[in-house]
1. GNM, the chain, Cα, under 10 Å: largest mean-square fluctuation among 70, 108, 277?
2. Given a Förster radius of 41 Å and the C-beta distance between residue 27 and residue 189 as r, what FRET efficiency does 1/(1 + (r/R0)^6) yield to the nearest 0.05?
3. Assuming R0 = 22 Å, what is the FRET efficiency of residue 197 and residue 264, from their Cβ-Cβ distance, to the nearest 0.05?
4. Give me the one-decimal nm value for the distance between modelled label points at residue 90 and residue 342, 7 Å along each residue's Cα-to-Cβ direction.
5. In Å and on Cα atoms, what radius of gyration and Dmax does the range 99-234 show?
6. Counting only complete DSSP H runs, which helices of the chain cover 15 Å or more along their long axis at the Cα atoms and score a mean Kyte-Doolittle of -1.0 or above?
7. Which FRET efficiency, nearest 0.05, do residue 243 and residue 134 yield, Cβ-Cβ r, R0 22 Å?
8. Want the number for residue 354 to residue 77: 0.36 nm per residue separation, take away the alpha-carbon distance, what's left?
Amino acid sequence: MLHDEAIIKIDKLKTQLPAYISEFITVKTADEYSPATLLEYLKNFHQFCQWLINQKKVSASITADISVGELDKITLRDATEYKSYLLSRHKMNTKRVDQNGQALPSNELLAKPTIQRHITALKVIFKYLAKSANNHQNKPFLSHNIMEDLSNVTQRQTLQARADAIEDKLFLGDESQAYLDFIENIYPQNLTPRALLFHKRDLERNLALNALMLASGLRLSEVVGINLDDLDFENNRVSVLRKGSKKDSVRIAAFAMEYLDRYRQIRDSRYHPDKYEKAFFLTLTKGHSQRITGSAIEKMVAKYSKEFKVRVTPHKLRHTLATRLYQETNNLVLTAQQLGHSSTTTTTLYTHINNDAASDALNRL
């Protein structure tokens, strides 16, 4: 999510939250938390407040009216009940409908990493409210931090199990180029005349987007945020804003540069942006040119990848680059730097994907 967009959403959500949360936002903004991270924390806290009201844990009827006093009465037992609720909750963003077109609940439970993000958000907010005197009253809002003793959710999988789960959703070896060739030459063969028009209009842009993600391992939000001046075609690099609002210069594999240049050449004539539009990747909405959204990219990648091999997300394209880079270099530090990881701990996952060396060694026993 873009910096300015996140700030707008924070300002809107702030009106639905208790007034003391504004102090938290001010302090964490001064601590240089990224707006996107802050927004996720506030969303999760808002959901917790709604649960408190629904379960009659507080007397307030709207989230903005939950007082500090009522929040201070929340017990560890209450927090544990909320954690249990999250662990048993089904996903809400389902596309399943019945024969009458009515939405059906998802069969999938919330993912463990999603639940852990909820808990982490509550821990951060409650720690501030219970420990920090950096507010207008010069003392902590809460007398104790009940979230401090709430246990985290653990992902009970080894790295090998996680690697095995995603390996079939990666476009390794020659499949990366085959995927791009499929988008350009095979996918359009069975389209209706109307669908073919839109495919041709956006072909250069969509190829450039897919190639860039496969060649750089950028996160979706980083791709969306790229501006015209961020791309360095001479040195095969792109400047992006990483997590924590850190500016980074990221290398791009050479195979993607042709696709990026082809799109650059038709960007203005195809999308007709005004002179103030800085976004590199554009879309047309009712004839108006604007920065493409992350949601639009997700839908585009899902559409192409489903027909090619298996439906994947942009994050799987990031996994693809990471796996290919590690297999080529056998260098965890280099791979972590390319992905923007602050340490190699997360990057270790890619050492377990398609690990032929281990299999070969076992077969020689």
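1. Maximum fluctuation in the GNM of the chain, among the listed residues, is at 108.
2. Numbers: r = 56 Å, r/R0 = 1.38.
Computed FRET efficiency for residue 27 and residue 189 comes out at 0.15.
3. The pair residue 197/residue 264 has a calculated efficiency of 0.50.
4. 3.7
5. Over the range 99-234's Cα set, Rg and Dmax evaluate to 23.6, 67 Å.
6. Numbers: long enough: 3-14 (16 Å, -0.53); 20-30 (16 Å, 0.63); 35-54 (28 Å, 0.02); 76-88 (18 Å, -0.55); 112-131 (28 Å, 0.03); 193-216 (33 Å, 0.06); 257-271 (20 Å, -1.77); 294-308 (21 Å, -0.33); 314-329 (23 Å, -1.13).
Membrane-span-like by this rule: 3-14, 20-30, 35-54, 76-88, 112-131, 193-216, 294-308.
7. Numbers: r = 24 Å, r/R0 = 1.08.
The calculated FRET efficiency here is 0.40.
8. Working: separation 277, 0.36 × 277 = 99.72 nm, distance 4.40 nm.
Contour length minus the Cα-Cα distance gives 95.3 nm.
Read the figures in this text as sums done on the coordinates, not as results from a lab. Remember, predicted model here, so these are calculated numbers, not experimental data. Note: ideal-geometry Cβ built from the backbone for every residue, glycine included; neighbour counts use all protein chains shown.
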